[in-house]
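Structure first, then comments.
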Amino acid sequence: MEPWKSANKRKPSKALFGGQYGLAWRLLVPWSLWRSSTLKRRFQVWGLLAGLLALTACGGAQSYWAPDSEIEDHTVVTGERPYLMLKTMVSNKSGSGGHSSLLINGSRLVMWDPAGRWFHEDAPERNDVVHGLTPALLQRYNSFHARDTHHVVSQKVYVSPRVAQMAMQLAMNNGAAGDARCAVTTSAILRQLPGFGSIQQTWFPAKLMQQFEKIPGVKTTRYYENDTGKN
């Protein structure tokens, strides 16, 4: 595995869901009610607990704060007109979205990559805002996510310098995002921008991608690879 493809994964706390007397059980389902409930009711409660487990497994945000010297040493200015580029990692089989990120080209080029799993020593990060994205590193980012199961959809739209700077500032002010919050935080940023008010906040990357497609002037490209790499 290449060094920039390393990732940390969190697991739900065993103490929280461990056994019938775990904290979640005792807080959410009194044992006396569980014992007296019918089999049908037990299945309903199981469904509720499964949903809570899925949300808890999302975990909290991980904050990284690169020093000023690294940010300045890895500043990228493209010379291109300001633009926003929504990136969505899409399943080749189902069409569902697995991740959302937002490339912002303003006074400098940065990427809002909420709860992202891509890291590189030449791309310093501050609370999910990634700097230093040269064309070569952007290619590595795409290659990291594209594989035999997923491809990368890039949707680019040119914006005014004011809108690009607003997007950058909103991303920098957001703070690190928790797992599974990539689309909901990205859509929240976008819908605050002039010209993007039609974007509705959503938890689903594919739905955000579909909404972004309707913004006037968007150009869409798709990137595929057939390797079996892992996040």
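The values are calculated or read from the model by the stated rules, or taken from the named source; none is laboratory data. As the structure is a prediction and not an experimental result, all values here were calculated from the model. Neighbour counts are summed over all protein chains in view; Cβ atoms, including those assigned to glycine, are modelled from backbone coordinates with ideal geometry. Heavy atoms of the whole protein, side chains included, go into the accessibility calculation; ligands, DNA and RNA do not. Shrake-Rupley method; radii C 1.70, N 1.55, O 1.52, S 1.80 Å.
Things to note:
- Heavy atoms of TYR141 accessible to a 1.4 Å probe, total area in Å² rounded to 10: 0
- Between THR134 and ASP227, the modelled labels are 1.9 nm apart [label points 7 Å from Cα along Cα→Cβ].
- Sequence-ordered 3J(HN,Hα) estimates for the stretch 98-108 from the Karplus curve with 6.51, -1.76 and 1.60 and θ = phi - 60° stand at x, 6, 10, 8, 9, 8, 10, 10, x, 5, 8 Hz, glycine and proline given as x.
- Sulfur and carbon atoms: percent of accessible area, the stretch 134-206 [1.4 Å]: 55
- Taking 0.36 nm per residue of sequence separation and removing the Cα-Cα distance, the TYR158/GLU70 pair yields an extension gain of 28.9 nm.
- Eigen-decomposition of the gyration tensor built on the alpha-carbon atoms of the stretch 79-231 gives equivalent ellipsoid semi-axes of 21, 18, 15 angstrom, largest listed first.
- Residue-normalised accessible area of the stretch 151-216, given per residue in Å² at a 1.4 Å probe: 45
- Straightening the chain between GLN192 and VAL77 buys 39.0 nm, computed as 0.36 nm per residue apart minus the Cα-Cα spacing.
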